[in-house]
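Step one of this worksheet: look at the structure below.
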Amino acid sequence: MDTKNNIIRVDNVSKAYFVGGVDIPVLKNISFEVKSGDFVIIFGPSGCGKSTLLHALLGLEGPNTGSVTFFGENLYNLPTEDDRSQFRKIHIGMVYQQPNWIKALSVIDNLVFPQLLLGKTRDEGLSKATELLQTIEMLEWAHYMPSELSGGQQQRIALIRAMVTDPEVIIADEPTGNLDFVSGQSLMKLLQELNTKQNKTIIMVTHDLEYLKFAKTAISIFDGQIVDIYDEKNKDRLTRDMKNKRGYETA
């Protein structure tokens, strides 16, 4: 793999869970690559395996077969979970549907804390956090508690929290799931800016087809398998295909 262009490679990943004495397949021979600077949206109906795939990408849950490679490094060849955790801290920023705050800390201290874990001083952390808050015009909220912010504001803060360690890749799990339409569009435009202006590689999971317009690459998953992969050259076909398929939420 040319790590200058393809920074993530998923090869024949399969995952099954043993339930009630039976193996229940969730992922079935999933393969794809992600190029540096791509904006990938993985989409499909609830229960199709999106979250399991995301966990595999993050090094949280190893596949039964296949491999997940970042920058030429197989995540599951790293010796321990602590090694995978350290890898995530350095290379991956994560945004969840429901932000996980340290409730006793203010907004800005929630942004400083991840930097302290990587050895930054508090002054360095405050400088970076202040800079990022300014970029999303939310510096005035720095000393509020996260619970005092609206859902849309919290997700914008969660996104820049994912950026404080300057990772190459941002992975977002249904980040607009709890937002209204306006807040969701605002968050997506912020993700798009990070992709186009800072060349951050974005991988986002969603079941909402409204956001496919932001993708450079769209991966359709159904019943644990990749149905199709669309790029900027064939996104018109994606629109036509979606009109003829059932099972997807089109909110």
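Summary table below
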quantity	calculated
Test: residue in the range 46-57 that is closer than 16 Å to T201 by Cα and of a type in the set (A, V, I, L, M)	yes
Any hit, the range 178-187, residues being crowded, with 17+ Cβ neighbours inside 10 Å and touching a Leu at 6+ places or on another chain (Cβ under 6 Å)	no
Number of positions in the range 54-106 that are more than 25 Å from P146 (Cβ to Cβ) and without any contact (Cβ under 8 Å) to a residue 40 or more places away in the chain	16
Cβ-Cβ under 8 Å pairs, at least 6 apart or on other chains, the range 177-190 side touching a residue at least 60 places away in the same chain (Cβ under 8 Å), far side of a type outside the set (D, E, K, R) and in a loop (DSSP other than H, G, I, E, B)	G177/Q97; N178/Q97; N178/Q98
Residue ID - surrounded by the fewest Cβ atoms within 10 Å (Cβ to Cβ), chosen from residues in the range 128-145 that are in contact with a helix residue (DSSP H, G or I) (Cβ under 6 Å, 6 or more places away or on another chain) and of a type outside the set (A, V, I, L, M)	Y144
Strands (runs of 3 or more DSSP E) enclosed by the range 19-115 - at least 1 residues per element that are over 24 Å from N178 (Cα atoms) and at pLDDT below 95	22-35, 65-70
Filter pass, G125 being crowded, with 20+ Cβ neighbours inside 10 Å, farther than 21 Å from I202 by Cβ and not acidic (D, E)	yes
P63 surrounded by 15 or more Cβ atoms within 10 Å (Cβ to Cβ) and farther than 20 Å from I170 by Cβ	yes
Subset of the range 114-134 (residues that are among the charged types (D, E, K, R) and on the phi > 0 side of the Ramachandran plot)	none
Test: residue in the range 215-229 that is more than 20 Å from T176 (Cβ to Cβ), more than 14 Å from the chain's Cα centre (by Cα) and of a type in the set (D, E, K, R)	yes
Residue list for the range 193-203, filter: surrounded by 17 or more Cβ atoms within 10 Å (Cβ to Cβ) and assigned to a helix (DSSP H, G or I)	L194, N195
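Each row is one residue, and each column tells you yes or no for (1) under 19 Å from I229 (Cα atoms); (2) in contact with a Pro (Cβ under 8 Å, 6 or more places away or on another chain); (3) buried (at least 20 other Cβ atoms within 10 Å of the Cβ).
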{"position": "F32", "(1), (2), (3)": "yes, no, no"}
{"position": "S36", "(1), (2), (3)": "yes, no, no"}
{"position": "Q115", "(1), (2), (3)": "no, no, yes"}
{"position": "G119", "(1), (2), (3)": "no, no, no"}
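The values are calculated or read from the model by the stated rules, or taken from the named source; none is laboratory data. This one's a predicted model, so the numbers in the text were calculated from it and none came from an experiment. Glycine gets a Cβ as well: all are built from the backbone with ideal geometry, and neighbour counts include every protein chain shown.
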